[in-house]
Amino acid sequence: MSYSRDETGLQALILCGSGTSFDTLLKPEGTPKCLALVANRPMAYYPMNLCRRLGVTDVTLVTFPSAVAPIKAALQHDPFVGSFPSAKVLAPQDLEETTSTAQIIRLPEVQDCIQGNFLLLPCDLVCELDQRLLDSWDLSQFQSPQELNAGLGLYYQTEAGIKDEVSDLVAVAPFEQSEMPGAAKYKLSRLVMSMGMDSTKARLEQDKAFLVRYSLTKKHQRIKIMTDYRDAHLYFFPHWVKHLVRHQEKIASIKEDLIGLWVKAQWQQGLAEKLGMDKCRSPQDSHQWISGQSMSSTVYQKPQTNSLGSESFRVEMPPFMACLLEEGTELVRRVDSPALLLSTSLRLAKLESIETAKDVSTRSPFAHAHKITSPDGIAQRSFISRDDCLLASNVVVEKGCSIKETCIGPGSKICSGARLTRCVVLENVIIGARCVLVGCVIGNRSSVGSNSTLNDCEVQEGFTVPERTEAKNEIFTPLLEDLLDNM
């Protein structure tokens, strides 16, 4: 089922951060993180593609002023992100590398941009899931009034053995059938606690135990606590969230603070009032926050007179729903480190191409048209494992090469006799003759000298690895080059 902008009622904000976790692969003044290739497509293509599949056409990329030019150039010329002509680029004046996610929402330009219910997601999210997400959001919007403006987040089960894969502590409770009819069908739960593992470990260190409040267990008798799931940072937010974040400056992080306080306010008495929901959403002030009956988000009970003789409102926060995705189903992954870029790209490379797929209904939305885009550049006396490789346009592979489980970006050259296994080679890279690379990520416009042997290494954008280099678990950056020169 396709959805139009009017039917979804959503706009999307894709946060394109600086990518500090990619400093070893990307130069700060070079390729923006959102344009780094994941399986030969710019990273931003994947959340933009998700928005298209959800029927959300109002898409805005929020980024730094320094990244505007390359992103706009990609939107005009790149064959993948260029297929989204309606996407806009927003570069708030005060956006800095240290700006937290909630602070981004508070920036005036972003506040002006958000006009209704909105989808917030990172530029590094690869997500095959679509229809279930949209159906879940629709379910929350068309239940009884108190459910009209619930929030929705996606949480996926992490994969064992993936380097740098982090997880979160996620606690959920089931919905009653009368409370949220259809929740079981879409595997939706009520989120009651969420925090990163760093915060969890700090709490364990401080308390010498994991303490759970009595008010939580009294409110929800069946709680499931998991530590092998990760917050995908994909959130469906009602319009009122924009205003809550603006007025509550203590909220710094969307994941830790906003979501954490939201779910806590469902079971901790008085917290909703402390957040200002009673004042900001009282009937006489509601027009300042929200327009339209469909945007109503909280349930107000009859005003009570407090000890000072003024009226106050008791507020029941709407639920925040957790869509839990088990490992082995649709692919959902944050690609926020070079190691995850490698593992995710190699998984996508195994997808059947469009030209060979027999069953369209089961084909992944991320299937490439062809496994090898420019077959004329491949020498006859070379071996390429087509089932698990992707070779982009204008790739040259000389004779005697062996390429297995590898993605090679556009304009790259693999010289004669080179052997690549489980590697990601980005754009305009040269791999010298008779090189042996296993488990490596090679940055844009870099080169590896002939007769080199690299295992589980990273080569930063623009770096030249000298000939006959032998290395394992090394990160090649200009800093390393300077150290070697001074030895």
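Spatial offset of the stretch 188-228 relative to the stretch 359-380 amounts to 45 Å, using the alpha carbon center of each. Taking the Cα centre of the chain as origin and assigning +1 to Lys and Arg Cβ atoms and -1 to Asp and Glu Cβ atoms, the resulting dipole is close to 800 debye. Sort out the exposed loop chymotrypsin sites (Phe, Trp or Tyr not before Pro) in the chain (DSSP loop, at most 14 other Cβ within 10 Å) and tell me the longest stretch that has none. Of all site-free stretches, the longest is 211-487. Considering only L134, S178, M48, the residue lying farthest towards the positive end of the dipole of the chain is S178, judged by Cα position with unit charges set on Cβ. Over all distinct Cα-Cα pairs of the chain, the Kirkwood formula returns a hydrodynamic radius of 24.3 Å. With respect to the chain, whose longest principal axis is taken over its alpha-carbon atoms, helix 45-54 is tilted by about 40°.
The Stokes-Einstein estimate for the stretch 133-240, based on a Kirkwood radius over Cα pairs and taken at 20 °C with 1.002 mPa s viscosity, is a diffusion coefficient of 138 µm²/s. The simple spin-label model puts a point 7 Å past each Cα toward its Cβ; for R381 and A73 those points are separated by 3.9 nm. Of all segments of the chain bounded by GluC sites (Glu not before Pro) found in a DSSP loop with no more than 11 other C-beta atoms within 10 Å, the longest spans 356-487. Footprinting exposure proxy ranking of T356, T60, fewest other C-beta atoms within 10 angstrom first, gives T356, T60. Dividing the summed helix terms, -39500 (n - 2.57) for each DSSP H run of n ≥ 4, by the number of residues in the chain produces a 222 nm estimate of -6000 deg cm²/dmol to the nearest 500. Shape analysis of the stretch 71-146 based on the Cα gyration tensor places the equivalent ellipsoid semi-axes at 26, 21, 12 Å, largest first.
Shown here is the pair-distance distribution of the stretch 337-485: with all Cα-Cα distances grouped in 10 Å bins from zero up to the longest one, the shares run 12, 44, 31, 11, 2, 0 percent. For the chain, averaging the sequence separation of C-alpha pairs within contact (under 8 Å, six or more residues apart) and dividing by the residue count gives a relative contact order of 14 percent.
For D135 and K208, the difference between the fully extended length at 0.36 nm per residue and the C-alpha to C-alpha distance is 22.1 nm. Here is the list for the stretch 196-241: trypsin sites (Lys or Arg not before Pro) lying in DSSP coil, each with at most 14 other C-beta atoms within 10 angstrom of its C-beta, are K208, R213, R222. Under the simplified labelling scheme, the D23-I162 pair shows an inter-label distance of 2.4 nm, with each label point 7 Å from Cα along Cα→Cβ. Backbone phi angles across the stretch 205-212, fed through the Karplus curve with coefficients 6.51, -1.76 and 1.60 (θ = phi - 60°), yield HN-Hα couplings of 5, 6, 8, 6, 5, 9, 8, 10 Hz in residue order; Gly and Pro are listed as x. Working from Cα pairs under 8 Å separated by at least six residues, relative contact order for the stretch 1-127 is 37 percent. In straight-distance terms, cross-link reach from K399 covers every one of the lysines whose alpha-carbon lies under 16 Å from its own, apart from those fewer than eight places away in the same chain; here that gives K413. In the neighborhood of D456, defined by Cβ-to-Cβ distances under 11 Å, what is the net charge if each Lys or Arg adds +1 and each Asp or Glu adds -1? Charge balance in the 11 Å sphere: +1. With K and R counted +1 and D and E -1, the other residues having a Cβ less than 15 Å from that of K219 yield a net charge of +3. Ranking C440, T421, L342 by how far each Cα lies toward the positive end of the dipole of the stretch 337-485 (charges on Cβ) leaves T421 at the top. Here is the list for the stretch 391-463: trypsin sites (Lys or Arg not before Pro) lying in DSSP coil, each with at most 14 other C-beta atoms within 10 angstrom of its C-beta, are K399. For the stretch 62-98 and the stretch 104-119, what is the separation of their Cα centres, given in Å? Using only Cα atoms to place each centre, the spacing works out to 17 Å.
For the stretch 1-127, the Kirkwood radius over C-alpha pairs fed into Stokes-Einstein at 10 °C and 1.306 mPa s yields D = 107 µm² per second. The residues packed around V110, meaning those with a beta-carbon under 13 Å from its beta-carbon, carry a net charge of +1 if Lys and Arg are +1 and Asp and Glu are -1.
FYI, it's all coordinate maths here, none of it is from the lab. These numbers were taken from a predicted model, which means no experiment stands behind them. Glycine gets a Cβ as well: all are built from the backbone with ideal geometry, and neighbour counts include every protein chain shown.
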